[in-house]
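Q: Following this message is one structure expressed as structure tokens.
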Amino acid sequence: KYFNFMNSVAAKLDAMIDHDVYLVSCAYHFTEYCPTNWVPYSGSNVDMAVFYCPSNMVFCAEPDSSYCNRIVRTYNHMTSSNDYILNPYQNWLAWESLSNTYNLKMMVYLYNSLSNYFAPFDVISHMQSYYSFCKDTNITMLYDQGQYSQTKGTNWTTLKTYLNHKLSLDVNSNVNELTIKFMKAYFGDAWENMYNLLQKEINTLKVYIDL
């Protein structure tokens with residue numbers, strides 16, 4: 001119903017303007033699921049875009065990993081919200097397919113869990129794979145939600161923000177080289193100790209991810 005409503009808004013808007021615009025629909029929570037029978041409006045001046053937020057994606061593993069699927073299944077069981085909680089990887093691909101079929105402009109909102117600013121998970125090891133996935137699925141705009149509305153960050157917040165920025169500009173960046181460059185600039189003479197601490201933390205947290 002929401003996306004059909006957006007089509008009707010687009011049609012009315014198309015009759016009112018004389019320049020090209022995109023009307024953006026938000027795919028988030030209850031509208032996150034890719035509709036199976038929606039044909040996005042495309043008119044003389046108005047085309048549709050979708051702003052997709054994979055809100056249930058787990059960013060401490062690869063996008064298509066069994067770990068991500070396990071977390072989603074657990075969340076389904078705990079909340080009984082199967083109407084809209086789904087495999088975010090498969091849903092992302094469904095949106096990509098719809099985008100390619102109807103020339104729908106697709107944008108992605110990577111939620112704060114991308115960098116786990118509020119929980120000490122290792123996401124640095126897999127961060128690059130999500131930016132590569134964005135590129136592979138023809139994402140035309142990317143929005144990263146980082147640390148906000150809190151007085152303190154947790155677990156390498158500034159480093160993660162730095163890597164978010166660099167990878168959004170070049171998905172092929174060397175993450176380890178960027179990390180070392182950041183450590184030297186941010187921690188000065190203590191950079192090696194801090195770098196080694198980060199590696200130990202990553203190795204420790206990997207144990208929990210692999211359980």
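The values are calculated or read from the model by the stated rules, or taken from the named source; none is laboratory data. Quantities reported herein were computed from a predicted structural model and do not represent experimental measurements. Here Cβ is always computed from backbone atoms with ideal geometry, including for glycine, and neighbour counts include all displayed protein chains. Note: areas computed on protein heavy atoms with side chains; ligands, DNA, RNA excluded. Shrake-Rupley method; radii C 1.70, N 1.55, O 1.52, S 1.80 Å.
Q: Does residue 184 satisfy the criteria of being in contact with a Leu (Cβ under 7 Å, 6 or more places away or on another chain) and at pLDDT 85 or above?
A: No; evaluated as a whole, the condition is false for this residue.
Q: Taking residue 45 as meeting all but one of (1) over 16 Å from residue 97 (Cβ atoms); (2) open to solvent by less than 50 Å² (accessible area, probe 1.4 Å); (3) touching a strand residue (DSSP E or B) at 6+ places or on another chain (Cβ under 6 Å); (4) modelled with pLDDT of 90 or more, write down the number of the exception.
A: The failed condition is (3).
Q: When you scan segment 130-144, how many residues do you find that are within 14 Å of residue 89 (Cα to Cα) and open to solvent by 50 Å² or more (accessible area, probe 1.4 Å)?
A: 1
Q: Could you figure out which of (1) open to solvent by 10 Å² or more (accessible area, probe 1.4 Å); (2) modelled with pLDDT of 85 or more; (3) farther than 17 Å from residue 48 by Cα isn't true of residue 127?
A: Result: residue 127 passes all but (1).
Q: Follow-up. Kindly indicate whether residue 5 is closer than 30 Å to residue 207 by Cβ and either in contact with a Ser or Thr (Cβ under 6 Å, 6 or more places away or on another chain) or at pLDDT 85 or above (or both).
A: Details: closer than 30 Å to residue 207 by Cβ: no; either in contact with a Ser or Thr (Cβ under 6 Å, 6 or more places away or on another chain) or at pLDDT 85 or above (or both): yes.
Considered against the rule, which asks whether it is closer than 30 Å to residue 207 by Cβ and either in contact with a Ser or Thr (Cβ under 6 Å, 6 or more places away or on another chain) or at pLDDT 85 or above (or both), residue 5 comes out as no.
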